[in-house]
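Below: one structure, written as structure tokens.
Just so it is clear, none of the values below were taken in a lab; they were calculated from the coordinates. Every value quoted in this text rests on a predicted model; they were computed, and no experiment measured them. Positions of Cβ are generated from backbone atoms using ideal geometry, with glycine treated the same way; all protein chains shown enter the neighbour counts.
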């Protein structure tokens, strides 16, 4: 059990890196950060597929198209929207908004026996935490993020994108039990890399602009960290946690992604959260945990 908990926390710590990456690479456009992450992830998945080329099945055309479409929702499109949101609104608010994804996934898949009234306390706490964090940010230096509301809209779009991915991806896997989860993960990775290259060709920066950046070495390190670390390695850690822990406990560990994302943000800013920010985080966390526990 301890191994499973540590693996789940490690996955959350790795996922949390994606919230700070756009700020570390502030000289790069958000679309370039998203493309860099997913090209690395796709290349790593391609290496794994090639290593087992003779022993593992190949995707059919229908499976390949499904992987490409779902990868746009859960990876390329989602992270591009998130990166844009972080540029417009900072890290804290988008991190909390994305952190509500487990709640929306559960609401969409609510068991028939569960009453809506049982979900209200958790939802109220979660919304109170979000509202308090928004109030703190709006009361602060408004010149730092003049487009906060646009960032909130982009974060909501990112949340909707990943929520749709979670629901449809689960439904697709249930309809295709013949596809192993490891194979599907690699196929998604390759599709994500292909989709990222297409996104870069459409709206990415020109090569000469990227080559002119002064922090190219830092960018390479960050892309590997969030491509391999937050992509492939985080998935491995989460699979370990899922094998060793019950579904309800795993669901509660998802909150660690949000908490690590906030921690990295405050460390990057070189400051401790204010009292109201601590209260917002506590309310948010209690709301998520309460929403998950009622599904036991």
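Odds and ends about this structure:
- When each of the peptides 165-178, 183-196, 253-266, 41-54 is scored by how many other beta carbons lie within 10 Å of its residues on average, the order from highest to lowest is 183-196, 253-266, 41-54, 165-178.
- For the range 18-62, the residues whose backbone nitrogen is under 17 Å from a point 7 Å from the Cα of residue 176, taken along Cα to Cβ, are 46, 49, 56-62.
- Structure-derived volume of the Cα convex hull per residue in Å³ - corresponding label in (1) 174; (2) 192; (3) 142: (3)
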